[in-house]
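Participant: Here you go, one structure.
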Amino acid sequence: MLGEYPIQGSGAAEIAASVERAVGAGELTPGQLLPPMRELAEALGVNPNTVAAAYRTLRERGVIETAGRRGSRVRPRPATTGREDLRVEVPAGVRDLSSGNPDPALLPPLAPAFAAAAADADRHPVLYGADPVDADLARLARAAFAADGVPEGPLTVTSGSLDAVERVLSVHLRPGDAVAVEDPGWGRTLDLVPALGLRPVPVGVDDDGPRAEDLRRALESGARALLVTDRAQNPTGASVSATRARALRAVLRDHPETLLVEDDHGHGIVDLPLHPLAGVTHHWALVRSVAKAYGPDLRLAVLTGDPVTVDRVRGRQRLGPGWVSLLLQRAVVRLWTDDAVDGAEVAGAYGVRRDLLIDALARRGVAAHGRSGFNVWVPVRDETATVARLLHAGWAVSPGARYRLGTPPGIRVTVSTLTPAEADPLADAIAAAMGPVPARAYS
């Protein structure tokens with residue numbers, strides 16, 4: 001059956017794992033038809049319901065897709081999981097705290113930087129064959145990485161953090177591979193992993209970052225990669241502490257073949273130190289975007305990593321977009337050298353707003369989390385009801401379903417523009433909307 005590759009197993013989990021291994025090894029190719037459930041059940045000597053459960057698991061993990069009577073086949077192309085649809089439509093007159101955007105008032109003016117970069121481009125036009133990374137940008141980025149203890153490595157530029165993460169995963173992993181992801185974690189990442197044909201394995205998160213024992217279980221179960229947000233974790237605001245970093249590095253040291261991808265998108269808006277994990281695995285990458293500090297429309301991130309990883313990313317870029325605009329890179333250099341953003345001031349402003357809400361909720365007996373960045377995570381018992389009641393009360397927040405796999409329900413509140421006068425009314429509304437307080441904040 002299926003050529004020379006026999007699907008094996010006597011239970012749903014074993015059958016699903018058998019198919020995943022075959023997909024990962026390339027023995028089952030994208031678009032290849034799987035046997036009908038009854039036929040496979042008969043061949044394996046199991047109940048058809050067992051095969052149905054295995055196929056259901058494979059669908060949920062993004063490995064296969066089912067088209068009714070046309071049967072099930074290995075997923076032929078990336079497909080998202082639709083988390084973007086799990087958003088709140090904000091009616092007129094409702095205060096929007098769901099967007100995840102920075103405060104526009106804390107973003108720098110861009111015109112001077114772009115005017116200077118454009119004038120330089122007029123004098124020295126960029127032509128095909130130019131170095132894809134601006135020399136000044138590379139120099140400044142390397143100095144910043146070194147100051148934060150990031151291991152030395154080559155450098156390239158991508159169109160934002162998610163672009164970097166996608167490219168790194170694509171050049172190392174194959175469909176069916178398992179990836180350890182934060183839970184709760186960034187919704188776009190949780191969409192991206194299955195869209196690449198990869199299987200997400202949840203790793204619990206608390207205020208200090210991913211839990212080391214959860215990571216150990218994920219790697220021992222076969223996860224080949226780990227995605228970590230170092231600071232300003234979305235949605236919880238977690239930041240990897242020095243103690244947690246040591247524990248995570250110890251786990252990774254036992255699994256040196258793990259692909260480590262670190263996202264430090266909070267660089268420039270946080271006042272907590274970076275504790276990088278890089279340096280204990282053979283292949284690693286750390287990416288920093290400028291979106292949170294300088295504006296989401298600046299689609300630029302700096303990526304460093306081991307030579308093999310960075311070289312592969314550069315090679316794939318050359319076959320696609322080629323490079324990230326040198327004009328954009330030089331504008332970012334101007335922003336960096338002109339100190340357009342006072343990182344301590346921005347981090348302090350967001351810190352005040354987080355603390356206002358967290359403290360107001362605490363006075364009402366509601367636990368909330370947010371060590372860094374501009375989001376606050378509030379565990380709730382009934383997520384849908386809480387979001388709906390808050391919307392009725394005039395507050396729009398983001399449903400936690402966008403960010404979680406196995407973590408209990410919660411809501412994400414973006415406090416980037418929260419005013420002191422709003423903290424207590426918002427806390428009153430959340431406390432009234434959520435009902436009984438959950439016993440535990442995270443799973």
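The values are calculated or read from the model by the stated rules, or taken from the named source; none is laboratory data. Since the structure is predicted, the reported quantities are computational estimates derived from the model, not experimental observations. For neighbour counting, all protein chains shown are included, and Cβ atoms are generated from backbone atoms with ideal geometry for every residue, glycine included.
Participant: Quick one: is Gly305 surrounded by fewer than 24 Cβ atoms within 10 Å (Cβ to Cβ) and closer than 20 Å to Asp134 by Cα?
Facilitator: Details: surrounded by fewer than 24 Cβ atoms within 10 Å (Cβ to Cβ): no; closer than 20 Å to Asp134 by Cα: yes.
The answer is no for Gly305.
Participant: Out of Arg299, Arg363, Arg318, I need the residue that is basic (Lys, Arg), surrounded by 14 or more Cβ atoms within 10 Å (Cβ to Cβ) and over 21 Å from Ala146 (Cβ atoms). Which one?
Facilitator: Checking each option against the conditions leaves just Arg299.
Participant: Taking only segment 56-71 into account, find how many residues are assigned to a strand (DSSP E or B) and either buried (at least 21 other Cβ atoms within 10 Å of the Cβ) or in contact with a His (Cβ under 8 Å, 6 or more places away or on another chain) (or both).
Facilitator: The total comes to 1.
For (1) in contact with a Lys or Arg (Cβ under 6 Å, 6 or more places away or on another chain); (2) free of Cβ contacts under 8 Å to residues at least 60 places away in the same chain, each residue gets a yes or a no:
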| residue | (1), (2) |
| --- | --- |
| Trp336 | no, no |
| Arg353 | no, no |
| Thr386 | no, yes |
| Trp395 | yes, no |
| Val413 | no, no |
| Met434 | no, no |
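Participant: Anything in segment 115-137 that is of a type in the set (A, V, I, L, M), outside any loop (DSSP other than H, G, I, E, B) and without any contact (Cβ under 8 Å) to a residue 40 or more places away in the chain? List them, or say none.
Facilitator: Scanning segment 115-137 gives Ala115, Ala119, Ala135.
Participant: Any residue at all in segment 218-236 that's farther than 24 Å from Ala368 by Cβ, crowded, with 24+ Cβ neighbours inside 10 Å, in contact (Cβ under 8 Å) with a residue 60 or more places away in the chain and within 16 Å of the chain's Cα centre (by Cα)?
Facilitator: yes
Listed here are the residues, each with its yes/no results for (1) under 26 Å from Pro200 (Cα atoms); (2) outside any loop (DSSP other than H, G, I, E, B).
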{"position": "Val366", "(1), (2)": "no, no"}
{"position": "Val378", "(1), (2)": "yes, yes"}
{"position": "Thr386", "(1), (2)": "no, yes"}
{"position": "Leu390", "(1), (2)": "no, yes"}
{"position": "Leu426", "(1), (2)": "no, yes"}
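Participant: Then there's this: Could you say whether any residue in segment 255-275 is modelled with pLDDT of 95 or more, polar (S, T, N, Q) and over 19 Å from Glu213 (Cα atoms)?
Facilitator: No, every residue in segment 255-275 fails to be modelled with pLDDT of 95 or more, polar (S, T, N, Q) and over 19 Å from Glu213 (Cα atoms).
Participant: Right, here's the next one. Being of a type outside the set (A, V, I, L, M, F, W, C), closer than 26 Å to Arg59 by Cβ and at pLDDT 95 or above is true for just one of Pro202, Pro175. Which residue is that? Spell out how you get there, then give the answer.
Facilitator: Details: Pro175 fails: at pLDDT 95 or above.
Selected residue: Pro202, the only one of Pro202, Pro175 that is of a type outside the set (A, V, I, L, M, F, W, C), closer than 26 Å to Arg59 by Cβ and at pLDDT 95 or above.
Participant: Here is a further query. Checking the conditions here, which among Asp338, Asp342 is closer than 18 Å to Ala291 by Cβ and at pLDDT below 95? Reasoning before the result, please.
Facilitator: Values: Asp338 fails: closer than 18 Å to Ala291 by Cβ.
Going through Asp338, Asp342 in turn, just one is closer than 18 Å to Ala291 by Cβ and at pLDDT below 95: Asp342.
Participant: Which condition from (1) closer than 22 Å to Asp206 by Cα; (2) over 23 Å from the mean Cα position of the chain (by Cα) is the one that Ser325 breaks?
Facilitator: Of the numbered conditions (1) closer than 22 Å to Asp206 by Cα; (2) over 23 Å from the mean Cα position of the chain (by Cα), the odd one out for Ser325 is (1).
Participant: Looking at segment 392-412, which of the residues that are part of a strand (DSSP E or B) and over 18 Å from Thr229 (Cβ atoms) is modelled with the lowest pLDDT? Don't jump to the end; show me each part of the working.
Facilitator: Let us first name the residues in segment 392-412 that are part of a strand (DSSP E or B), namely 395-396, 398-399, 410-412.
Next, only the ones that are over 18 Å from Thr229 (Cβ atoms) stay: 395-396, 399, 411.
Numbers: Trp395: 97, Ala396: 97, Pro399: 94, Ile411: 97.
By that ranking, first place goes to Pro399.
Participant: Looking at (1) at pLDDT 80 or above; (2) within 30 Å of Thr386 (Cβ to Cβ); (3) of a type in the set (D, E, K, R), can you tell me which one Asp85 breaks?
Facilitator: (1) is the only condition that Asp85 fails.
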